[in-house]
Amino acid sequence: MTQPRVFLVDDHELVRFGIRSAIEDAVDIVGEADEVDAAIELILERVPDVVLLDVHIPHGGGRAILHAVRSATESVRFLALSVSDSPDDVISTVRAGARGYVTKSISGGELVDAIYRVQAGDAVFSPRLAGFVLDAFARTGEESLVPLDDDLDQLTTRERETLRLIARGYPYRDVAVSMGISVKTVESHVSSVLRKLQLSNRHQLSVWAADRDLR
């Protein structure tokens, strides 16, 4: 089998060095980047088979790269390689279009195997993380594992929960009780949601949620 052409995205030089050392004999490394804009430009220029993607790269994160590249070409496959094993990170990264998600505790041989499997079209996850994806599938159906509304996908789980309750007309105090948090935290979540969605007030937020049948 032809060696897959691989591009590395990680903001830590030593991490990239370690990844290169672990996989360079088994794959063709065609480039690397340590920030979002450079990664997008070079990936679109070199069109690798597989991108090893750090989820929490600064200035937009891995999902910004996924959204930009997938809107331009679907030939590039992404394998998230992260220190995070948060369910939110796993599910949001898969929804953005990654074919797999493994943690940085993976061995070099396992990473090479994951790269080849992703190149072949398989979905690859570290064992514990696969459960998160299966749970999401069971809760909301197959559509939960494909790209969603980009605006909604940038919200955290708690922000989405706050959004739904506010959109139903709940006052801040009732939202706080329902979520087990303080009113001040509810206000903070609402402010963050308004900022991310570029909305001005609660009424606009309710209309936005209703248009997407989120209530």
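Checking the conditions here, which among Val55, Val15, Val69 is touching a residue at least 24 places away in the same chain (Cβ under 8 Å), within 22 Å of Lys196 (Cα to Cα) and either part of a helix (DSSP H, G or I) or not assigned by TED's automatic domain parsing to the domain that holds Phe125 (or both)? Quick ask: steps written out before the conclusion?
Values: Val55 fails: either part of a helix (DSSP H, G or I) or not assigned by TED's automatic domain parsing to the domain that holds Phe125 (or both); Val15 fails: within 22 Å of Lys196 (Cα to Cα).
Answer to the selection: Val69.
So which residues in segment 28-52 are more than 20 Å from Ile106 (Cα to Cα) and either β-branched (Val, Ile, Thr) or without any contact (Cβ under 8 Å) to a residue 12 or more places away in the chain (or both), if there are any at all? Those that are more than 20 Å from Ile106 (Cα to Cα) and either β-branched (Val, Ile, Thr) or without any contact (Cβ under 8 Å) to a residue 12 or more places away in the chain (or both): Val30, Val36, Ala38, Ile40, Glu41, Ile43, Glu45, Val47. Can you work out which of the residues in segment 156-173 that are at pLDDT 85 or above and more than 24 Å from Ser92 (Cβ to Cβ) is nearest to the chain's Cα centre (by Cα)? Across segment 156-173, the extreme among qualifying residues is Tyr172.
Taken over segment 113-128, residues that are part of a helix (DSSP H, G or I), surrounded by 14 or more Cβ atoms within 10 Å (Cβ to Cβ) and not polar (S, T, N, Q) amount to 6.
Can we say Glu41 is under 20 Å from Ala22 (Cβ atoms), out of contact with any Ser or Thr (no Cβ under 8 Å at 6 or more places or on another chain) and part of a helix (DSSP H, G or I)? Spell out the reasoning first.
Working: under 20 Å from Ala22 (Cβ atoms): no; out of contact with any Ser or Thr (no Cβ under 8 Å at 6 or more places or on another chain): yes; part of a helix (DSSP H, G or I): yes.
No, not satisfied.
Which residue is surrounded by the most Cβ atoms within 10 Å (Cβ to Cβ), if the candidates are limited to segment 18-38 and must be in a loop (DSSP other than H, G, I, E, B) and under 23 Å from the mean Cα position of the chain (by Cα)? Out of the qualifying residues, it is Asp34. Starting from residues that are among the charged types (D, E, K, R) and touching an Asp or Glu at 6+ places or on another chain (Cβ under 8 Å), keep the ones in segment 53-112 and report whichever is surrounded by the most Cβ atoms within 10 Å (Cβ to Cβ). Within segment 53-112, the match that is surrounded by the most Cβ atoms within 10 Å (Cβ to Cβ) is Asp54.
Being of a type outside the set (D, E, K, R), at positive phi, more than 14 Å from the chain's Cα centre (by Cα) and modelled with pLDDT under 85: is that true of Gly131 here? No, not satisfied.
The values are calculated or read from the model by the stated rules, or taken from the named source; none is laboratory data. Since the structure is predicted, the reported quantities are computational estimates derived from the model, not experimental observations. Positions of Cβ are backbone-derived with ideal geometry, glycine not excepted, and every protein chain shown enters the neighbour counts.
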